[in-house]
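The values are calculated or read from the model by the stated rules, or taken from the named source; none is laboratory data. Note that the structure is predicted; figures quoted are calculated from it, not measured. Glycine also receives a Cβ, built like all others from the backbone with ideal geometry; neighbour counts cover every protein chain displayed.
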Amino acid sequence: MMSRKAGIVVSVVLAGLLVWMSFPVAEAQTTVSREVTAQIAQARLATAKYAMDVERAKADGYMIITQMIPNMGYHFLNPKAAGFDVTKPPILVYVRRGNNWQLVAIEWVYPKRPAKAPIRGARYGSFGAACHYKDGTFILANAEARCAKTNAKTGAEFNFWHPPLVTLHMWIWYPNPSGTFAEFNPLLTPFNKD
């Protein structure tokens, strides 16, 4: 017999899939293939435990690397996740309302655009070279030598620097009229003030 918590997770996953599949598709979005639909289902099942539980994500090794990026979200990185595996994304993207967090997307980053797309229909974004601090703040900087040991505005300790990156988002937990692989999601505008 299924536990109550497992039943709730399955219900959330199924309800989310129904909402996601029924959302109107924008012109920019091409039809998602059966293969990609299956990969999205795998990703949702694997990340369901994080859907409404950012603390679980943190306990599993994800750490905040950005504050709220407008129409995108807060980014949490698991530095141990490597390669492209839809069931083990290196970045979870959340929105927040008060103390309630909701997973909206998963993400991968690359030093350059992959020669072969890791998933059919992939569209890419970008993130400039930046110094990241332990409170999730970041400052764009073209070299690690430009990163202060602490963020002058927040006092947070330096965490890491990265060069310019190519990003790949998958909006699997929140509908996106711009498409499954769009960089930004206009439906997140209400969360931008939080």
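Can you list the strands (runs of 3 or more DSSP E) found entirely within the range 68-159 that contain at least 3 residues being surrounded by 15 or more Cβ atoms within 10 Å (Cβ to Cβ), without any contact (Cβ under 8 Å) to a residue 60 or more places away in the chain and out of contact with any Pro (no Cβ under 7 Å at 6 or more places or on another chain)?
91-97, 130-133
So residue 43 clears everything in (1) under 21 Å from residue 182 (Cα atoms); (2) of a type in the set (Gly, Ala, Ser); (3) assigned to a loop (DSSP other than H, G, I, E, B) except one condition, right? Which one?
Answer for residue 43: the failing condition is (3).
Would you be able to tell me the number of residues in the range 158-184 that are of a type in the set (Val, Ile, Thr) and touching an Asp or Glu at 6+ places or on another chain (Cβ under 7 Å)?
Looking only at that region, the number is 1.
Quick check, is residue 146 at pLDDT below 95 and of a type in the set (D, E, K, R)?
The answer is no for residue 146.
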